[in-house]
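The structure appears right after this line, and notes come after that.
Readers should treat all values here as calculations from the given coordinates under stated rules, not as data from a laboratory. Just so it is clear, the model here is predicted, and its values are computed rather than measured. Positions of Cβ are backbone-derived with ideal geometry, glycine not excepted, and every protein chain shown enters the neighbour counts.
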Amino acid sequence: MGATFQGELRGAGLRVALVVSRFNEPVTTRLLAGARSALERHGVREEDVDVAWVPGAFELALAARRLAESRRYDAVACLGAIIRGETPHFDYIAAETARGIGQVAQDTGVPIVFGVLTPNTLEQAMERAGGKMGDKGYDAAVSAIEMATLMQRLRPD
């Protein structure tokens, strides 16, 4: 039987970048607080976490790329909230944001986590940013830790 690889939820020694959208800031500040809480709880030192603010969700991928290409970080988590409106703008921004973030991970080999909410209403966004529907910022940070440790195990020797 072959080897099995998986990450673990021990963040000691990891460096993590958080890229946060300023658009819908009441939501994204809650996502950021959740992410910081998860990183601290899993052993990532506060001084090993850097935060980059961008204007909106569309800009998350570009900042994530720059951070990943710096090779200073074991993982990058992108946090944002794109709330459906009455125009097709939501569809374009949500799709391109997801595509861009995924492309950065593929191109750089650095774990880039998609922590972007795409709810229909502000109330739904708040429920998912530390409310009764969970804390997607916390979840994104946990995924970043797990993927960073998995990538360490998958490095060719």
Evaluate the following for Ala94: is it assigned to a strand (DSSP E or B) and within 16 Å of Asn24 (Cα to Cα)? no
If you go through segment 98-145 one residue at a time, how many are closer than 14 Å to Tyr73 by Cα and of a type outside the set (S, T, N, Q)? 10
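Matching residues to (1) buried (at least 16 other Cβ atoms within 10 Å of the Cβ); (2) of a type in the set (Val, Ile, Thr):
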position	(1), (2)
Ser37	no, no
Val54	yes, yes
Leu67	yes, no
Asp74	yes, no
Asp107	no, no
Limited to segment 112-157, what total is found for residues that are in a helix (DSSP H, G or I) and aromatic (Phe, Trp, Tyr)? 1
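For segment 1-88, give me every one of the strands (runs of 3 or more DSSP E) that falls completely inside it and has 3 or more residues that are within 12 Å of the chain's Cα centre (by Cα).
On the way: elements: 16-21, 49-54, 75-81.
Strands (runs of 3 or more DSSP E) meeting the threshold: 16-21, 75-81.
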Going through segment 125-157 one residue at a time, which ones are of a type in the set (D, E, K, R) and under 17 Å from the mean Cα position of the chain (by Cα)? Arg128, Asp135, Lys136, Asp139, Glu146
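Would you confirm whether any residue within segment 81-101 is surrounded by 23 or more Cβ atoms within 10 Å (Cβ to Cβ), in contact with a Lys or Arg (Cβ under 9 Å, 6 or more places away or on another chain) and not basic (Lys, Arg)?
yes
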